[in-house]
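Asker: Sharing a structure, written as C-alpha cells. Questions coming.
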Amino acid sequence: MRGTPDRQDAIYHTFNVEDLIGADHPLRPIKRMVDAALASMSRTFKAAYSGVGRPGIPPETLLKALLLQCLYTIRSERELCRRLRTDLLFRWFLDLQPSDEVFDHSVFAHNRERLSEHGITHKFFDQVVKQAIQAGLTSDEHFTVDGSLIQSHASLKSLRKIEREAKDDDRGGGPGGRNPSVDFKGERRGNATHQSTTDPEAKLYRKGDGVGAFLCHSGHALTENRHGLVMSVRVDEANGTAERENTLRMLDHLERRHGVRPSTLGADKGYDAGPFLLELERRWIEPHVAIKAGKIDPLRDSADDGTWARWFVRSGQRRAAFKKSQRRRKLVEEFFGWIKTVAGMRRARHAGRQKIRQCFELAAAAYNLVRMKNLLAA
C-alpha cells in the first residue's frame, strides 16, 4: 500500500539526539578528548568571566563551535551559526538541545578579546598536547620545525604611503560599494614606505624569486617526528628572520610547559644560519638542518658562523640520523597542507595578528585531535 506524506506539523518530538549519532562516528572520540581538555580549564574560564550579571554563552560552547568550523571547512562564523540551527550533529557536539536557541554570530566577535586577554585558545591547545603526551603518542627526542605564510585578509589595494595622509577619494569606496581603483604603476611599494589600512600588522612578503609579493603573516609549527603531532605553534610578522626567532621561542615554551627538551631538530634551508645553529648547540640540540649550496666545507668559513655545526651534521657518523630527520620533515608539511585546505587558513578570515593567532592555535588543536583519534583507534 502506498504511503502518504504527513504534512501536519508536530507539536512535540520524543527522541534522544544521542541515539541518532552512530557509535562509530569519528566525532565521538574527538568530543571525549575536547570535553576532557575543557574540564581542566575551569579555573581559566572562571577568571575570564565576572561573577555578577547576566550569564553569557559558555566558553566551552564557543571553543567547540570554532573547532567544528576547522573540522568541517565552514567558511565563516555566520555560516557556522546557520549550520547549528539545522544540524543535529553539531548541536550534539556543542551539548545543545534541539529546542535551544542558537546564538548569533556576533557572539564570536564580542568574546574574541576575552579569549585573547586570558590566552584561552593557547591554553586549550596546550591541553590537547598534554593529552597526546600522556597517551604516549609523541616523541621526546626528535622534532621538526617549519614555517609558512598566511595570506592576510587585506587586499593590496589597501596599501597607502605611511608619510602621506590618504586622500578623500582614496578613503571612499568605488561605485556600487566596490573597492576603489588604485594604480601602482611606476610606484615602488615596500614595508618601509607603505602600510595596509585594513591590516596594519601585515607585511609585504614573497616566498621566493619569481613569485609575487602579498600581504602576509607567518605561521610556525614545531612537530614531533613519531606521528607528526604539533607540539607548539606561533604566528608572527612575515620577515626573513621570523622562522629562526620563533623556533627558539617554541623550544622554550615546550620545555617550560611540558618539560620536553629535544635531542635533534630537523629543518629546511631557511634555518641554515650560523647564530641559529650555534644557539641550538648551546641548548644541546643536534641541528639536522638542510645545507645551503657552498656552505658544507668547514675549512672555507670561520667556525663562528655555524659552519662547524654544519660539518658535524654532515659527518659520517651522523649522516644516517640526518637523512632520517629530513625524511620525517614531511610530516610538518602535512600539517600546513591540512590547515590551509581543510581548516581554511590559506588566507586569514580576520584582520589582525591576534585574531589570526587564535584561529591558528585552534586549527592546530583540531589537527592534533584528528591525528590522535586515528592513532588511538589503531
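Asker: Of the conditions (1) modelled with pLDDT of 95 or more; (2) assigned to a loop (DSSP other than H, G, I, E, B); (3) of a type in the set (A, V, I, L, M, F, W, C), Ile291 satisfies every one except a single condition; which number is it?
Answerer: Single failed check for Ile291: (1).
Asker: Of the residues Phe108, Phe90, Phe124, which single one is open to solvent by less than 20 Å² (accessible area, probe 1.4 Å), closer than 20 Å to Ala365 by Cα and without any contact (Cβ under 8 Å) to a residue 40 or more places away in the chain?
Answerer: Phe90
Asker: Might you let me know whether region 247-267 holds any residue that is closer than 27 Å to Gln151 by Cβ and acidic (Asp, Glu)?
Answerer: Checked against the condition, which is being closer than 27 Å to Gln151 by Cβ and acidic (Asp, Glu), region 247-267 yields no hits at all.
Asker: Continuing with the same structure: For region 197-222, which positions are among the basic types (Lys, Arg), in contact (Cβ under 8 Å) with a residue 12 or more places away in the chain and open to solvent by 70 Å² or more (accessible area, probe 1.4 Å)?
Answerer: Across region 197-222, the qualifying residue is only Lys207.
Asker: So, one more: Within region 11-19, is there a residue that is within 25 Å of Val342 (Cβ to Cβ) and open to solvent by 60 Å² or more (accessible area, probe 1.4 Å)?
Answerer: The answer is no, given that none of the residues of region 11-19 is within 25 Å of Val342 (Cβ to Cβ) and open to solvent by 60 Å² or more (accessible area, probe 1.4 Å).
Table: residues versus (1) open to solvent by 60 Å² or more (accessible area, probe 1.4 Å); (2) farther than 29 Å from Leu362 by Cα; (3) of a type in the set (S, T, N, Q).
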| residue | (1), (2), (3) |
| --- | --- |
| Arg2 | yes, yes, no |
| Asp6 | yes, yes, no |
| Ala23 | yes, no, no |
| Pro26 | yes, no, no |
| Pro29 | no, no, no |
| Ala37 | no, no, no |
| Thr44 | no, no, yes |
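Asker: For region 95-104, does any single residue satisfy the condition of being closer than 27 Å to Ala348 by Cβ, within 24 Å of the chain's Cα centre (by Cα) and surrounded by 10 or more Cβ atoms within 10 Å (Cβ to Cβ)?
Answerer: no
Asker: Give the residues of region 322-351 that are touching a Ser or Thr at 6+ places or on another chain (Cβ under 7 Å) and assigned to a helix (DSSP H, G or I), sorted by residue number.
Answerer: If the condition is that a residue be touching a Ser or Thr at 6+ places or on another chain (Cβ under 7 Å) and assigned to a helix (DSSP H, G or I), then Ser325, Arg328, Leu331, Val332, Phe335, Phe336 are the ones that fit.
Asker: If a residue must be among the aliphatic types (A, V, I, L, M) and touching a strand residue (DSSP E or B) at 6+ places or on another chain (Cβ under 6 Å), how many such residues does region 233-261 contain?
Answerer: Final tally of qualifying residues: 6.
Asker: Now for a separate question. Which members of region 40-57 meet the condition of being out of contact with any Lys or Arg (no Cβ under 9 Å at 6 or more places or on another chain) and part of a loop (DSSP other than H, G, I, E, B)?
Answerer: Residues satisfying the conditions are Ser50, Gly51, Val52, Gly53, Arg54, Pro55, Gly56, Ile57.
The values are calculated or read from the model by the stated rules, or taken from the named source; none is laboratory data. Everything quoted here is computed from the prediction, not taken from an experiment. Glycine also receives a Cβ, built like all others from the backbone with ideal geometry; neighbour counts cover every protein chain displayed. Keep in mind that these areas ignore ligands, DNA and RNA; they rest on the heavy atoms of the full protein, side chains included. Shrake-Rupley method; radii C 1.70, N 1.55, O 1.52, S 1.80 Å.
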